[in-house]
Amino acid sequence: MTQPSAHQKVLIVDFGSQVTQLIARRLREAGVYCEIHPFDKAGAALAAMAPQAIILSGGPASTTEAESPRADPALFEVGVPILGICYGEQAICAQLGGKVESGHHREFGRAEITVQKASPLFAGLAEVGQSEPVWMSHGDRVTAIPPGFEVIAVSEGAPFAAIADETRKIYGVQFHPEVMHTPRGATILKNFTHRIAGLTGDWTMAAYRDEQIEKIRAQVGQGKVICGLSGGVDSSVAAVLIHEAIGDQLTCVFVDTGLLRKDEAKQVTTLFREHYNIPLIHVDASAEFLGALAGVSDPETKRKTIGKIFIDVFDREANKIEGAEFLAQGTLYPDVIESVSASGGPSAVIKSHHNVGGLPDYMKLKLVEPLRELFKDEVRALGRELGLSDAFVGRHPFPGPGLAIRIPGEITPDAVATLQDADAIYLDEIRKAGLYDQIWQAFAVLLPVKTVGVMGDARTYEKVLALRAVTSTDGMTADFYQFPWDVLARTATRIINEVRGVNRVVYDVTSKPPGTIEWE
């Protein structure tokens with residue numbers, strides 16, 4: 001990844017923790033630009049980035065095992081502040097002369113650390129002798145710290161819960177400050193970046209907008225760009241940003257897959273043609289998509305099928321635009337991270353509606369991905385910076401494969417129409433109740449289950465519809481939204497009365513712990 005050279009930077013070395021992205025999220029919230037790189041590529045990233053600070057993430061391995069991941073020795077030699085989190089602290093100890101052992105008391109979940117010595121890492125938090133709530137998740141224990149280090153906090157199960165070498169500005173914590181379960185963890189991370197590393201927090205959307213406009217112009221020159229619109233916030237923000245950079249050199253291709261929300265195609269074409277005057281080709285490929293999905297039930301096969309057709313449609317349309325050299329899309333930073341495992345190899349399953357890592361060989365287009373360095377809420381901030389309305393940029397996330405993965409089992413036109421109608425009613429009731437902005441994501445799922453019911457004087461045998469709504473601050477962990485019962489009752493009643501083919505509505509109260517894939 002090419003990072004903005006003008007900004008202060010933090011390198012996050014990933015040892016495979018399921019919440020490594022949260023470290024980056026917390027830093028970005030504090031205005032600090034950062035990048036995540038696998039531990040075995042950290043040396044190259046160090047040379048390319050020249051960061052002002054380094055953070056070593058947690059991870060599932062044990063430093064007591066010979067083949068476990070290690071930090072590149074060069075990281076300890078550049079003289080910038082380092083913070084090790086959980087496995088990161090254990091790596092510091094194992095590599096700099098301390099000791100880590102297995103088989104000791106484990107700590108998982110909420111815990112209390114007691115501050116033993118004043119440190120800038122805990123500025124504004126608990127005083128010496130006072131306790132601070134944190135979230136622990138470790139099975140090994142540090143049993144000896146390296147020369148030059150001292151203990152700055154302990155817990156019941158970790159005598160070295162936080163350590164520091166104030167001279168070299170190397171710190172280690174056995175808990176996870178990046179997760180929301182550590183209430184003041186963001187303050188600890190900001191203490192590290194701002195107080196210890198001296199960063200000022202110069203990462204802003206206004207600056208990012210200006211930098212990306214210049215980068216797009218430099219990359220594209222006088223060439224033409226085709227942008228694949230999915231109807232979601234990401235691709236729309238990318239299109240508006242690119243249009244601001246190169247004007248009518250951009251042509252947007254909006255592919256109506258037949259799997260969008262109800263009336264979404266009309267909303268997107270109106271926004272781009274009437275409000276932004278951006279050249280837009282509207283391709284109704286719904287028959288093509290639904291035909292290819294006929295008889296397909298496996299979720300990942302659906303994703304890959306939809307992704308392939310998207311690319312085929314883009315390629316077909318690009319060949320009609322004389323001089324088209326580039327394909328723009330709304331790839332985000334989590335897509336980039338998830339396309340590469342912690343060990344640097346391709347992950348088993350990537351987001352198949354984004355072509356992270358390149359396009360098929362037969363396509364001659366070069367990628368333009370101006371959002372590649374951003375998280376979802378940063379894209380929304382950029383959208384507002386570009387003048388997009390809050391109503392648009394604040395829309396709930398919608399998966400690239402659309403309703404195809406919200407219909408478990410076979411996709412049929414009737415099933416899509418049923419789900420579109422039910423989903424529209426659900427979102428309408430949420431908005432009427434003034435709850436839309438309190439919810440991270442809400443959607444309906446048409447289950448492949450039929451139940452017997454009685455409606456009036458008739459017995460029915462129809463589908464079950466599940467409603468899902470979650471709250472989240474980062475999109476990585478989520479808890480079900482606790483709806484007022486009257487809202488759920490109104491929603492269910494309307495769906496039963498207005499949508500044919502559904503005779504029962506259920507509400508999903510599943511939470512999403514860190515590292516799991518949300519049911520879409």
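The values are calculated or read from the model by the stated rules, or taken from the named source; none is laboratory data. Remember, it's a predicted structure, so these values are computed and weren't measured experimentally. Every residue, glycine among them, receives a Cβ derived from its backbone with ideal geometry; neighbour counts consider all protein chains shown. Heads up: the accessible areas ignore ligands, DNA and RNA and are worked out on the full protein's heavy atoms, side chains in. Shrake-Rupley method; radii C 1.70, N 1.55, O 1.52, S 1.80 Å.
Where both bridge residues fall in the chain, DSSP classifies roughly 50% of the beta bridges as antiparallel. Within a straight-line Cα-Cα reach of under 29 Å, Lys99 can be paired with the following lysines, leaving aside sequence neighbours fewer than 8 residues apart in one chain: Lys41, Lys117, Lys169, Lys190.
With the charge dipole of the chain set up from +1 on Lys and Arg Cβ and -1 on Asp and Glu Cβ about the Cα centre, the Cα lying farthest toward the positive end among the listed residues Ala415, Val336, Ala292 is that of Ala415. The alpha carbons of the stretch 197-266 stretch over 51, 32, 15 Å along the principal axes, in descending order.
What the stretch 231-333 shows is 39 Å² of accessible area per residue, with the surface traced by a 1.4 Å probe over protein heavy atoms.
Hydrodynamic radius of the stretch 105-250 by the Kirkwood approach over all distinct alpha-carbon pairs: 18.6 Å. Bridging of Lys224 to aspartates and glutamates at a Cα separation below 18 Å is possible for Glu214, Glu244, Asp248, Asp315, Glu317, Glu322, Glu325, Glu369, once same-chain residues fewer than 8 apart are set aside.
Starting from a Cα-only point model with no solvent, please compute log10 I(q)/I(0) by Debye for the stretch 177-302 at q = 0.17, 0.18, 0.22 1/Å. Debye output, listed in q order: -0.91, -0.95, -1.18.
Compute the convex hull volume of the Cα atoms of the stretch 27-137, divide it by the residue count, and report the result per residue in Å³ as a whole number.
It is 140 Å³ per residue.
Taking the C-alpha atoms only, the angle from helix 20-29 to the longest principal axis of the chain is near 90 degrees.
Counting Lys and Arg as +1 and Asp and Glu as -1, each charge on the Cβ, what is the dipole of the stretch 410-451 about the Cα centre in debye, to the nearest 20?
Here the size comes out at about 120 debye.
The residue among Ala61, Cys93, Pro133 whose Cα reaches farthest toward the positive pole of the charge dipole of the stretch 1-140, with charges on the beta-carbon of Lys, Arg, Asp and Glu, is Pro133. Protein heavy-atom surface of the chain, 1.4 angstrom probe: 51% of the accessible area is carbon and sulfur, with nucleic acids and ligands not counted.
Taking 0.36 nm per residue of sequence separation and subtracting the Cα-Cα distance, how much length would be gained by fully extending the chain between Ala48 and Ala207, in nm to one decimal? Spell out each step's value before the answer.
Working: separation 159, 0.36 × 159 = 57.24 nm, distance 2.11 nm.
Difference between extended and current length: 55.1 nm.
Each residue of the stretch 33-40 is assigned a 3J(HN,Hα), and the resulting list reads 6, 8, 9, 9, 9, x, 4, 7 Hz, derived from the Karplus form 6.51 cos²θ - 1.76 cosθ + 1.60 (θ = phi - 60°), x at Gly and Pro. When the scattering of the chain is computed by the Debye formula from its Cα atoms alone, each counted once and equally, what is log10 I(q)/I(0) at q = 0.07, 0.11 Å⁻¹? Log10 I(q)/I(0), no solvent term: -0.45, -1.02. The angle separating the long axis of helix 233-246 from the principal Cα axis of greatest extent in the chain is about 90 degrees. Relative to the longest principal axis of the Cα atoms of the chain, the long axis of helix 205-220 makes an angle of roughly 70 degrees. FRET efficiency for the Arg431 to Asn497 pair, using the beta carbon distance and R₀ = 22 Å, is estimated at 0.70. Specify which residue in the list Ile188, Gly201, Gln219 is farthest towards the positive end of the charge dipole of the stretch 165-227, using unit charges on the beta carbon of Lys, Arg (+1) and Asp, Glu (-1), about the Cα centre. Of Ile188, Gly201, Gln219, it is Gln219. Evaluated with a Cβ-only charge set (Lys, Arg +1; Asp, Glu -1), the stretch 6-50 carries a dipole of roughly 120 debye about its Cα centre, given to the nearest 20.
Compute, for the chain, the length of the dipole vector about the Cα centre, with Cβ point charges of +1 (Lys, Arg) and -1 (Asp, Glu) only. Units Debye, rounded to 20.
It comes to approximately 360 debye.
If you roll a 1.4 Å probe over the heavy atoms of the protein chains, what accessible area per residue do you get for the stretch 52-131, in Å²? I get 45 Å² per residue for this part. Amide H contacts for Leu250 (H built 1.01 Å from N in the peptide plane; partners 5 or more residues away or on another chain; cut-off under 5 Å): Val225. By the rule of a C-alpha distance below 15 Å, with chain neighbours fewer than 8 residues away ignored, the aspartates and glutamates paired with Lys320 are Asp312. Compactness of the stretch 373-477, taken as the C-alpha radius of gyration over 2.2 N^0.38 Å, stands at 1.31. Can you give me the pair-distance distribution of the stretch 130-212, C-alpha pairs, 10 Å bins, whole percents? Calculated over all Cα pairs of the stretch 130-212, the distribution is 15, 39, 29, 11, 5 percent. Taking only DSSP H segments of four or more residues, each worth -39500 (n - 2.57), what value at 222 nm results for the chain once the sum is divided by all its residues, to the nearest 500 deg cm²/dmol? Calculated from helices alone, the mean residue ellipticity at 222 nm is -9000 deg cm²/dmol.
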